[in-house]
Amino acid sequence: MLKVGLTGGIASGKTVIGDMFVALGAHLVQADRIAHELMRPGQLVYNEVVRHFGGAILNPDLSVNRAKLAEAAFGPANSSLPANPAAAPSATTSQIQSRVQELNRIVHPAVIRAQEEWMAEMGRQDPNAIAIVEAALILEAGAAKRFHRLIVVTCSDELRVARFAARHKLALEAAQQEVARRMAAQLPEAEKIKAADYVIDNSGSLDHTREQVRQVWQVLQNQASSN
């Protein structure tokens with residue numbers, strides 16, 4: 001079995017590309033969906049997140065409000081980080097990274113364990129399977145070594161902001177600030193590209209992206225069959 005990590009910056013199109021791989025025959029799990037399950041009331045991760053970030057992140061039914069948790073970790077949505085994360089004042093960036101790291105220390109180990117269990121099950125079902133984990137923070141979590149291959153999805157900054165604005169129904173200026181705020185807590189895209197075995201540029205048409213996926217898939221199939 002071939003273990004593949006699929007990662008990239010916010011609003012780069014990881015999920016769309018993951019779906020393309022599934023259509024070609026890959027098995028895929030999303031780390032975000034695993035995290036959702038782990039943050040259901042009664043789960044250990046849920047208890048720890050609430051203990052660290054407080055009851056203000058909860059909905060009336062005691063489920064975690066993802067938007068409120070993001071604000072608790074990344075800071076208020078109207079914080080005035082510049083469009084270029086690298087230009088953010090170091091103190092502000094440091095404070096954001098500290099809060100995000102606190103959240104990641106709680107969530108990442110449990111998510112990684114669940115990913116490992118899922119990949120092991122895929123291997124039992126099909127020794128020649130290509131098992132893909134879609135996760136935004138593979139490199140930040142130090143989990144890249146758990147995969148045989150790493151795919152990084154990229155796109156232009158303008159398109160990233162436009163996609164985020166459309167997804168969350170925000171004005172472009174607000175979306176730009178929010179994207180910058182969240183990317184300040186992630187590795188720069190250039191660093192992710194350096195670590196990648198394959199890079200898929202999702203800045204163009206869907207047909208262009210699909211062709212890149214098809215080419216990478218052919219290589220992965222050859223590697224899976226030779227393992």
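The values are calculated or read from the model by the stated rules, or taken from the named source; none is laboratory data. Since the model is a prediction, treat every value here as computed from it, not as a measurement. Neighbour counts run over all protein chains shown; Cβ positions are idealised from the backbone, glycine included.
Filter the stretch 11-27 down to the residues that are hydrophobic (A, V, I, L, M, F, W, C) and either over 28 Å from residue 166 (Cα atoms) or crowded, with 19+ Cβ neighbours inside 10 Å (or both) and list them by number. First the steps, then the outcome.
As a first pass, look at the stretch 11-27 and keep what is hydrophobic (A, V, I, L, M, F, W, C): 11, 16-17, 20-24, 26.
Scanning the stretch 11-27 gives 11, 17, 20, 21, 26.
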*Report whether or not residue 52 is assigned to a helix (DSSP H, G or I) and surrounded by fewer than 15 Cβ atoms within 10 Å (Cβ to Cβ).*
no
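Condition first: in a loop (DSSP other than H, G, I, E, B) and either modelled with pLDDT under 90 or among the aliphatic types (A, V, I, L, M) (or both). Now tell me which residues in the stretch 154-204 satisfy that. I'd like the intermediate steps shown before the answer.
Just the residues of the stretch 154-204 that are in a loop (DSSP other than H, G, I, E, B), to begin with: 155-156, 169-171, 184-188, 196-197, 202-204.
170, 171, 184, 185, 186, 187, 196, listed by residue number.
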_Filter the stretch 112-144 down to the residues that are under 22 Å from residue 222 (Cβ atoms) and free of Cβ contacts under 8 Å to residues at least 12 places away in the same chain and list them by number._
125
*Is it fair to say residue 57 is modelled with pLDDT of 95 or more and within 30 Å of residue 215 (Cβ to Cβ)?*
no
*Is it fair to say residue 120 is modelled with pLDDT under 90, over 15 Å from residue 7 (Cα atoms), surrounded by fewer than 16 Cβ atoms within 10 Å (Cβ to Cβ) and out of contact with any helix residue (DSSP H, G or I) (no Cβ under 8 Å at 6 or more places or on another chain)?*
no
*Taking the stretch 79-106 as the search range and keeping residues that are polar (S, T, N, Q) and within 18 Å of the chain's Cα centre (by Cα), which one is modelled with the highest pLDDT?*
104
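Of the residues in the stretch 113-138, how many are part of a strand (DSSP E or B) and not hydrophobic (A, V, I, L, M, F, W, C)?
First, the residues of the stretch 113-138 that are part of a strand (DSSP E or B): 130-134.
From what is left, the residues that are not hydrophobic (A, V, I, L, M, F, W, C) are 134.
Of the residues in the stretch 113-138, 1 are part of a strand (DSSP E or B) and not hydrophobic (A, V, I, L, M, F, W, C).
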*Report, by residue number, each residue of the stretch 211-224 that is of a type outside the set (Gly, Ala, Ser) and either closer than 13 Å to residue 17 by Cβ or in contact (Cβ under 8 Å) with a residue 40 or more places away in the chain (or both).*
211, 212, 213, 214, 215, 216, 217, 220, 221, 223
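Being exposed (fewer than 14 other Cβ atoms within 10 Å of the Cβ), modelled with pLDDT under 95 and more than 22 Å from residue 167 (Cβ to Cβ) narrows it down to one residue among 41, 109, 76; which is it?
Numbers: 41 fails: modelled with pLDDT under 95; 76 fails: more than 22 Å from residue 167 (Cβ to Cβ).
Answer to the selection: 109.
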_Hits in the stretch 171-210 - residues which are closer than 24 Å to residue 20 by Cα, loosely packed, with under 13 Cβ neighbours inside 10 Å and among the acidic types (Asp, Glu)_ = 207
*Criterion (among the hydrophobic types (A, V, I, L, M, F, W, C) and farther than 30 Å from residue 221 by Cα) met by exactly one of 164, 147*: 164
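How many residues, within the stretch 161-193, are over 17 Å from the mean Cα position of the chain (by Cα) and either under 21 Å from residue 215 (Cβ atoms) or of a type in the set (D, E, K, R) (or both)? Steps first, answer last, please.
Narrowing the stretch 161-193 to residues over 17 Å from the mean Cα position of the chain (by Cα): 162, 165-166, 169-177.
Adding the requirement that they be either under 21 Å from residue 215 (Cβ atoms) or of a type in the set (D, E, K, R) (or both) leaves 169, 173.
Matching residues across the stretch 161-193 total 2.
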